[in-house]
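The values are calculated or read from the model by the stated rules, or taken from the named source; none is laboratory data. Note that this is a predicted model, so its numbers are computed, not measured. Cβ: placed from backbone, ideal geometry, glycine included. Neighbour counts: every protein chain shown. These area figures cover heavy atoms from the full protein model, side chains too; ligands, DNA and RNA do not enter into them. Shrake-Rupley method; radii C 1.70, N 1.55, O 1.52, S 1.80 Å.
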Amino acid sequence: MAMNKVPTLVLGIGGIGCRMAANVSDLLTEEDRQFVGVVGLDTNVNDLKQLKKRGMRTIQTSDERTVRDYMREHFFSASWFPLNRFTAGKPLLNGAGQIRAVSRLAALASEEQGKFKPIRDEIKRIRKDNGQLTVMVLGSITGGTGAGLFLQLPYYLRKVMHEASGRSDIVIRGMFVGPDMTADVQPSTINRDAVHVNGYACLKELNAVYLQENDKPGIEQLKVDFYVPESK
C-alpha cells in the first residue's frame, strides 16, 4: 500500500538537500512513486552525477560560464549581485562556494533557459489533474545553493501551480539544516564563519518576508528572482 496518496513533490536544493532527497527516493516503492516526485537541484556538476546514478531527476543550474559571463547576459541583476574581482571570475560548475548570490544568479538564468522543466513535469505527473499538492523543500541555509534559493522557490512553485491549474492551493514546507550542524565539519575558520553568516542572513530574509506579508503594500520591495507576488 502506498504510504501517501496526496500528490507530494520532494525538492532537494544544494548538496545537502539533494542527498536528503535521494535518501527519501531510495525508500519509495513503485506504488509510492505514483504520488511522490523527487527532484534534486544543484550547481555542483560532480554531486549531480552521483544523484543520476541513483535514478533521481536532477536540475543543473550551472554551466561552463563564469559569474562575469552571467552578468553580461543578466545585467539587470547588478542591483543586487555583489560583483567584485573575487566573484567575477568564479566558475559555477563546481558549485556556489558558499556564496548565496551566485546560486540565485545561476538559477535565474537556468529557469529562463527552461531547465526547471523537470519540476513542472513531476508536478503534472503526480497531480493527475487533482487540485491538491504538497511540496517539501529540503536543504541547508548555511552554504551557497540552498541558502540562495530557499526563499525564491516557494514563490516560483506557487506560480507553476497557478499556471498549471489556475489554483494556488499548494502546501509548501521546508526542512533546512542550520549552522549548528555544519560549522564543525568546515575546513577552515573562514568557512565556519561563512555558514553562520549565511544562516543568519537567511533567517533575516525569512523574517522580512513575514513582516512584508503582514503589510501587503510593501511586498513589492522584496524582489525575488523567479516570481514577485502581486500586492493585494
Report the residue, chosen from ILE172, ILE16, ILE141, that carries the largest GNM mean-square fluctuation when the chain is represented by alpha-carbon nodes joined by springs under 10 Å. ILE172
At R0 = 30 Å, how high is the FRET efficiency between ARG68 and ASP121 if r is their beta carbon distance? Nearest 0.05 is fine. 0.40
Heavy-atom surface of the chain, accessible at 1.4 Å and reported per residue (Å²): 51
Once the stretch 39-131 is represented by equal point scatterers at the alpha-carbon sites, with solvent omitted, what log10 I(q)/I(0) does the Debye formula produce at q = 0.11, 0.15, 0.18, 0.22 Å⁻¹? -0.36, -0.62, -0.81, -1.06
Percent of accessible area on the stretch 20-68 owned by carbon and sulfur, 1.4 Å probe? 47
Span-rule helices in the chain, defined as complete DSSP H runs reaching 24 Å or more along the axis (Cα) with Kyte mean at least -0.5: 189-213
If I model a spin label at GLU112 and ASN84 as a point 7 Å from the Cα along the Cα→Cβ vector, what separation in nanometres do I get? 2.5
Pair-distance profile P(r), taking every C-alpha pair of the stretch 1-48, with 10 angstrom steps and integer %: 29, 48, 20, 3
Once the mean of 1/r over all distinct C-alpha pairs in the chain is inverted, the Kirkwood radius in Å reads 18.2
Just to be sure I understand: if I project the alpha-carbon convex hull of the stretch 8-86 onto a plane and average over all orientations, what area do I get in nm²? 6.7
Any chance you could run the full-extension gain for GLN132 through HIS162? It's 0.36 nm times the residue separation minus the Cα-Cα distance, nm to one decimal. 9.6 nm
